[in-house]
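> Let me begin by handing over the structure; questions about it come next.
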Amino acid sequence: MATSSKFLLSRNPFLVSVLSIIIVYLLIKRWAKQKSSIRYPPGPLALPIIGHLYLLSSSLPKSFQALARRYGPLMRIHIAQSIFIVVSDAVVAKEVLKVHDAEFASRFEFGPAQYNIYKDAGFITGPYGSYWRFMKKLCMTRLFTGRQLDRFNHIREEEMVKLLKSLVKKSREGKWCDLSAELANLTNNLIFRMTMNKRFSKDNSEGNEMWKLVTELMGLAAKLGVNEVHGLLKKFDLFGNGKRLREGLERYDKLVEQIIKDYEENYGVDDGSGNEDLMDILLGIYRDKNAGLKITREQIKYFIFELFAASIDTSSAAIQWGMAELMNHPQVFKRLREEIDSVVNNKRVVKESDVPNLPYLKAIAKETLRLHSPVPIFHRECIKDCNINGFDLQVKDRVLINAYAIMRHPEAWSDPDTYLPERFLENSGGNRDQDFWFLPFGSGRRVCAGSLHAYLVMHGTIGSLVQCFDWKTKDGAKVDITVGSGFSGAMALPMECYPILRFDPFQE
Ligand code: HEM
């Protein structure tokens, strides 16, 4: 029978064509039926080619917030050739980040993979999988635990002393400072020393070179990311940014390879510090034949790159925003200083161990992150079809969580755009860490691995800067709190101001 139908088909091209058409027709019908039964999240009318670009301003978090008021907490936005699903309230965020955490445990690749010499070695930017699971466990059980961060306490204290000494000097000379640059220098030194303390020199030349490279490469990647979003330009390296990105990564690779070689040559030599840094831990795993997973040299290098990218600008931006709001709200500044004075009484600089007794300082850190999260939007990828808030999300859907809109949502926050640290005090029902209305560090499996460190640095730095100095902007006006463009949560302009010495902790 099979032989006779084969014979029939091979002798009858007309029959073959008719059958093919019927099969294709049935397949299209089935696909169309499936498609029409999918319930997509709502969104505005998308124009050909540009999609919703005509509705977006230079600040994406703000534009999405405005659109969500019309289209709801789960909406579909077309930016040129790319489609994003945007989440804008805590109820939906909880569904994505908690109820369906496993389905959204991945991140979509955002930007120019074809120029990345470390392609497929990503952890923060990498997909959900065995490497990510291994590294996340390492972060949460060794690299950034409270115990490990305690071991780095002396680093934070030493770097704080350096910052304060430089500001005391400026103040005595009547000079202004670029506080943004001072803070970025602080957070860069901190992360460099946590990662590679053995390579730290007085001027941190390697750390500065690394940070400069990472900043330059992030900028290039962001520009290329825009091409990616526009889709049509993706294949062309019109302005040579792709080439520059690859060359920059190669320079970074050389630098970090030399550092790794030096670590390997000095393996087992006691440097007297008594403490392992993160590079020691990573190379220990690299050497360990029995480690749960074999990590590669490329993965270590890219992990350090990503760590610099994730931690330096975010932490410094958070402190900068905190200082800006304090300078613009003298009554909050005064209340914080009184709290600090009542605990340390100007006998010494405020320390991390004082923080449990400084609830207002903690509330200030949270309120700063609520209004000015350095990561106002974070992204995930759907890895399994699922239903969210009555709508269908499919594999490969790109999801953006608009933390900016969530943390300013009037349903959860009274007077949402006003800086009001009091709302986070315990007696105001202020502990909202388990609350999906407060998401500066994300939530779920991909939650930020460095939030503990970020809070330690925020508390220590803001506390000391308020205790030791009065602050005045260079032009005597209020601090300009305009936000950078695109996805950025950083301040658009550098903070140039005068530190006016009030308590000199170094005076004998
Ligand atoms: C104020 C400072 C910081 C803010 C606002 C911030 C915010 C975030 C956010 C929103 C995410 C994405 C979370 C999610 O998808 O649910 C993230 C991821 C991450 N952050 Fe931070 N971060 C900060 C500082 C740091 C620091 C200091 C470090 C390291 C020392 C760090 C390491 C990471 C890592 C490793 C991830 C990726 C986690 C993963 O994919 O599993 N962050 N951060």
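> Quick one: check the C-alpha center-to-center distance for segment 364-383 versus segment 262-333, whole angstrom.
21 Å
> Using +1 at the Cβ of each Lys and Arg and -1 at the Cβ of each Asp and Glu in the chain, identify which of Thr215, Ala93, Met196 lies farthest towards the dipole's positive end.
The Cα lying farthest towards the positive end belongs to Ala93.
> Further, regarding this structure: Is there a quick way to get the dipole size of segment 123-191? I mean about its Cα centre, with the Cβ of Lys and Arg at +1 and of Asp and Glu at -1; what is the value in debye to the nearest 20?
Values: 13 positive and 7 negative charges, 47 e Å.
In total the dipole reaches around 220 debye.
> For a 18 Å ceiling on Cα separation, which of these pairs sit above it: Lys119/Lys384; Lys175/Lys351; Lys212/Lys478; Lys137/Lys351; Lys198/Lys261; Lys165/Lys198?
Working: Lys119/Lys384 24 Å; Lys175/Lys351 27 Å; Lys212/Lys478 30 Å; Lys137/Lys351 30 Å; Lys198/Lys261 13 Å; Lys165/Lys198 23 Å.
Where the Cα-Cα span goes over 18 Å, the pairs concerned are Lys119/Lys384; Lys175/Lys351; Lys212/Lys478; Lys137/Lys351; Lys165/Lys198.
> Checking a compactness column here: for segment 271-354, what do you get for Rg(Cα) / (2.2 N^0.38 Å), N being the number of residues?
Numbers: Rg = 20.7 Å, N = 84, 2.2 N^0.38 = 11.8 Å.
Taking N as the residue count of segment 271-354, the ratio is 1.75.
> Let me ask something else. Have a look at Pro61, Gly444, Phe104 and report the one farthest towards the positive end of the charge dipole of the chain, computed about the Cα centre with Cβ charges (Lys/Arg +1, Asp/Glu -1).
Checking the options against the dipole of the chain, the answer is Phe104.
> Taking segment 335-421, which GluC sites (Glu not before Pro) meet the DSSP loop condition and have no more than 13 other C-beta atoms within 10 Å? Write down the numbers at each step before the final one.
Numbers: sites: Glu338, Glu339, Glu352, Glu367, Glu381, Glu411; in loops: Glu411.
Those satisfying the criteria are Glu411.
> On to the next question. Which residue, Asn427, Ile285, His329, has the largest displacement toward the positive end of the dipole of the chain when charges sit on each Cβ (Lys, Arg +1; Asp, Glu -1)?
Ile285
> List the trypsin sites (Lys or Arg not before Pro) in segment 91-135 that DSSP assigns to loop (not H, G, I, E or B) and whose Cβ has at most 14 other Cβ atoms within 10 Å. Which are they? List each step's numbers first, then the result.
Numbers: sites: Lys94, Lys98, Arg107, Lys119, Arg133; in loops: Arg107, Lys119.
In loop regions of segment 91-135 (DSSP not H, G, I, E or B), the sparsely surrounded trypsin sites (Lys or Arg not before Pro) are Lys119.
> Give me the net charge of Leu186's neighbourhood, meaning all other residues with Cβ under 13 Å from the Cβ of Leu186; Lys, Arg count +1, Asp, Glu -1.
Details: positive: Arg156, Lys162, Lys165, Arg193; negative: Glu157, Glu158, Glu159, Asp178, Glu182, Asp313.
Local net charge: -2.
> Something else now. When all alpha-carbon pairs of the chain are counted, what percent fall beyond 33 Å? Don't skip to the answer; put the middle values down first.
On the way: 59654 of 128778 pairs.
Across the chain, Cα pairs with separations above 33 Å total 46 percent.
> Taking 8 Å as the Cα distance limit and 6 or more residues as the minimum spacing, I'd like the relative contact order of segment 443-508 as a percentage. Walk me through the numbers before you get to the answer.
Working: 48 pairs, mean separation 22.1, N = 66.
It comes to 33 percent, rounded to a whole number.
> Within segment 334-401, list the trypsin sites (Lys or Arg not before Pro) lying in a DSSP loop whose Cβ has at most 13 other Cβ atoms in a 10 Å radius. Write out the running numbers ahead of the final one.
Numbers: sites: Lys334, Arg335, Arg337, Lys347, Arg348, Lys351, Lys362, Lys366, Arg370, Arg380, Lys384, Lys396, Arg398; in loops: Lys347, Arg348, Lys351, Lys384, Lys396.
Here the sparse-neighbourhood loop sites are Lys347, Arg348, Lys384, Lys396.
> State the extension gain, in nm to one decimal, for the chain segment bounded by Ser82 and Lys472, taking 0.36 nm per residue of separation less the distance between their alpha-carbons. Walk me through the numbers before you get to the answer.
Numbers: separation 390, 0.36 × 390 = 140.40 nm, distance 4.44 nm.
Result: 136.0 nm gained on full extension.
> Further question: Which net charge results for the neighbourhood of Phe378, defined as the other residues with beta-carbon distances under 9 angstrom from its beta-carbon, given Lys and Arg at +1 and Asp and Glu at -1? All intermediate terms of the calculation are to be shown ahead of the outcome.
On the way: positive: Arg107, Arg380, Arg446; negative: none.
Once all neighbours under 9 Å are counted, the net charge is +3.
> Which helices, counted as full DSSP H runs in the chain, have an axial Cα extent of no less than 15 Å and a Kyte-Doolittle average of -1.0 or above?
Numbers: long enough: 13-36 (34 Å, 1.02); 60-71 (16 Å, -0.51); 153-172 (28 Å, -0.86); 179-196 (25 Å, 0.51); 205-230 (38 Å, -0.02); 241-265 (36 Å, -1.42); 297-328 (47 Å, 0.26); 330-344 (21 Å, -0.37); 359-371 (18 Å, 0.01); 451-468 (25 Å, 0.90).
Helices meeting the criterion: 13-36, 60-71, 153-172, 179-196, 205-230, 297-328, 330-344, 359-371, 451-468.
> Continuing with this model, one more query. With no solvent and one point on each alpha carbon, what is the Debye value of log10 I(q)/I(0) for segment 320-370 at q = 0.26, 0.27, 0.32 Å⁻¹?
Relative scattering, expressed as log10 I(q)/I(0), comes to -1.07, -1.12, -1.26.
> While we're here: Just the ratio, please: alpha-carbon radius of gyration of segment 94-188 over 2.2 N^0.38 Å, N its number of residues. Walk me through the numbers on the way to the answer.
Working: Rg = 20.1 Å, N = 95, 2.2 N^0.38 = 12.4 Å.
Relative to the rule-of-thumb radius for its length, segment 94-188 sits at 1.62.
> Taking a ≥ b ≥ c as the square roots of the Cα gyration tensor eigenvalues, with a/c under 1.5 meaning rounded and otherwise prolate when a/b beats b/c, else oblate, which class fits segment 398-508? Intermediate results must be reported in sequence, preceding the final value.
Values: a/c = 1.83, a/b = 1.56, b/c = 1.17.
The shape class here is prolate.
> Same structure, new question: Quick check on the chain: helices-only [θ] at 222 nm, where DSSP H runs of length 4 and up contribute -39,500 (n - 2.57) each and the sum goes over total residues. Nearest 500, please. Don't skip to the end; give the middle numbers.
Working: 16 runs with 247 residues, N = 508.
One gets -16000 deg cm²/dmol as the mean residue ellipticity at 222 nm.
> What dipole magnitude, in Debye to the nearest 20, does the chain give about its Cα centre under +1 on Lys/Arg Cβ and -1 on Asp/Glu Cβ? If you can, show how the numbers build up before the last one.
Numbers: 69 positive and 59 negative charges, 404 e Å.
Using Cβ point charges on Lys, Arg, Asp and Glu, the chain gives about 1940 debye.
> Here's something else I'd like to know. Give, rounded to the nearest 20 debye, the magnitude of the charge dipole that segment 236-318 has about its Cα centre when Lys and Arg contribute +1 at Cβ and Asp and Glu contribute -1 at Cβ.
Numbers: 11 positive and 17 negative charges, 94 e Å.
Roughly 460 debye for segment 236-318.
> Further question: Could you work out the relative contact order of the chain? I mean the mean sequence separation of Cα pairs under 8 Å and 6+ apart, divided by the number of residues, in percent.
Details: 681 pairs, mean separation 120.5, N = 508.
Relative contact order here is 24 percent.
Read-outs throughout are calculated quantities, based only on the coordinates presented, and are distinct from any laboratory measurement. Remember, it's a predicted structure, so these values are computed and weren't measured experimentally. Methodologically, a virtual Cβ is constructed for each residue, glycine included, from the backbone with ideal geometry; neighbour enumeration extends over all protein chains shown.
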